[in-house]
1. Exactly one of (1) of a type outside the set (V, I, T); (2) near the ligand (Cβ under 9 Å from one of its atoms); (3) under 21 Å from A57 (Cα atoms) is unmet by H100. Its number?
2. Do the conditions hold for T51, that is, is it open to solvent by 30 Å² or more (accessible area, probe 1.4 Å), in a strand (DSSP E or B), without any contact (Cβ under 8 Å) to a residue 60 or more places away in the chain and under 19 Å from K122 (Cα atoms)?
3. With the structure loaded, tell me whether G19 is in contact with a Lys or Arg (Cβ under 7 Å, 6 or more places away or on another chain) and either buried (at least 16 other Cβ atoms within 10 Å of the Cβ) or modelled with pLDDT under 95 (or both) or whether it fails that test.
4. Is it fair to say A133 is among the aliphatic types (A, V, I, L, M) and either over 15 Å from the mean Cα position of the chain (by Cα) or more than 16 Å from the ligand (Cβ to nearest atom) (or both)?
5. List pairs: first residue in the range 67-95 and open to solvent by less than 60 Å² (accessible area, probe 1.4 Å) and part of a strand (DSSP E or B), second residue among the basic types (K, R) and more than 16 Å from the ligand (Cβ to nearest atom) anywhere in the structure, Cβ distance under 9 angstrom, at least six positions apart or on different chains.
6. What number goes with the only condition from (1) open to solvent by 40 Å² or more (accessible area, probe 1.4 Å); (2) within 12 Å of the ligand (Cβ to nearest atom); (3) in contact (Cβ under 8 Å) with a residue 12 or more places away in the chain that R110 does not pass?
7. Out of the residues in the range 114-130 that are on the phi > 0 side of the Ramachandran plot and within 16 Å of the ligand (Cβ to nearest atom), which is least open to solvent (accessible area, probe 1.4 Å)?
8. Restricting attention to the range 136-163, report how many residues are open to solvent by 80 Å² or more (accessible area, probe 1.4 Å) and either in contact (Cβ under 8 Å) with a residue 60 or more places away in the chain or more than 16 Å from the ligand (Cβ to nearest atom) (or both).
Amino acid sequence: MNRLRASARGHHGAKLQPGVTMRGVGTYDLHRGAIIRRQARIHVGSGARLTVMRGAAVGTRNTINVEAGLTLHEGAELSWDVEIMDTDFHDIEYEDGRRHVRSAPISIGRHVLVGARAVILKGVTIGDGAIIAAGAVVTRDVEPGAIVAGNPARPVGRAASWR
Ligand SMILES: CC(C)(COP(=O)(O)OP(=O)(O)OC[C@H]1O[C@@H](n2cnc3c(N)ncnc32)[C@H](O)[C@@H]1OP(=O)(O)O)[C@@H](O)C(=O)NCCC(=O)NCCS
């Protein structure tokens, strides 16, 4: 745990555990009480913003790439080995001439639980209190309080609470 290091980077009160890397020239908005766990690798590109609110946690060995924007709202919890990318890194041309959306911001709501090894892709909004199952691949928005699982993730239940 290294509050001093976080402080030196201008993130007063955020906790950065050992081995965290934060690369890229974008904006890192880590609020007081946010935590970035061991060996998380974060890249925020030019003009993009990562916001981690109070009580929200980026998990151990998470890989996070932000080219548009990512917000973790209060108390959102990412388990270990979660991968989040708000960009596909490539432009795709569809056969029918439609244009591919390469990057779009992601929002992870208050008190959301993201299970180990889940993958969250571009443009997704996850509603407050939702639970993402281990290994799920989230490609579409998730309703508040929904439990989703699988690849692509689909609703499998409802959560009243978790702790
Ligand atoms: C495959 C991919 C490029 C497609 O992007 P896209 O054309 O914008 O796709 P969409 O988001 O419109 O999704 C189209 C459908 O495919 C599904 N889908 C998209 N990506 C999926 C994935 N990784 N796994 C399973 N299903 C997926 C979506 O759920 C959607 O189906 P639905 O309408 O029934 O829900 C993108 O979703 C993806 O996986 N990006 C990650 C790329 C990557 O790994 N880059 C890193 C290094 S190169």
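The values are calculated or read from the model by the stated rules, or taken from the named source; none is laboratory data. From a predicted model like this one, the values you see are computed outputs, not experimental measurements. Glycine gets a Cβ as well: all are built from the backbone with ideal geometry, and neighbour counts include every protein chain shown. What goes into the accessible areas is simple: the full protein's heavy atoms, side chains included, and nothing from ligands, DNA or RNA. Shrake-Rupley method; radii C 1.70, N 1.55, O 1.52, S 1.80 Å.
1. Evaluating H100 over (1) of a type outside the set (V, I, T); (2) near the ligand (Cβ under 9 Å from one of its atoms); (3) under 21 Å from A57 (Cα atoms) leaves (3) as the failure.
2. So T51 fails the test.
3. Working: in contact with a Lys or Arg (Cβ under 7 Å, 6 or more places away or on another chain): yes; either buried (at least 16 other Cβ atoms within 10 Å of the Cβ) or modelled with pLDDT under 95 (or both): no.
It is false that G19 is in contact with a Lys or Arg (Cβ under 7 Å, 6 or more places away or on another chain) and either buried (at least 16 other Cβ atoms within 10 Å of the Cβ) or modelled with pLDDT under 95 (or both).
4. no
5. Sorted first by the residue in the range 67-95, then by its partner, the pairs are G69/R49; L70/R49; T71/R49; L78/R37.
6. Unmet for R110, out of (1) open to solvent by 40 Å² or more (accessible area, probe 1.4 Å); (2) within 12 Å of the ligand (Cβ to nearest atom); (3) in contact (Cβ under 8 Å) with a residue 12 or more places away in the chain: (2).
7. G123
8. The number of residues fulfilling the criteria is 4.
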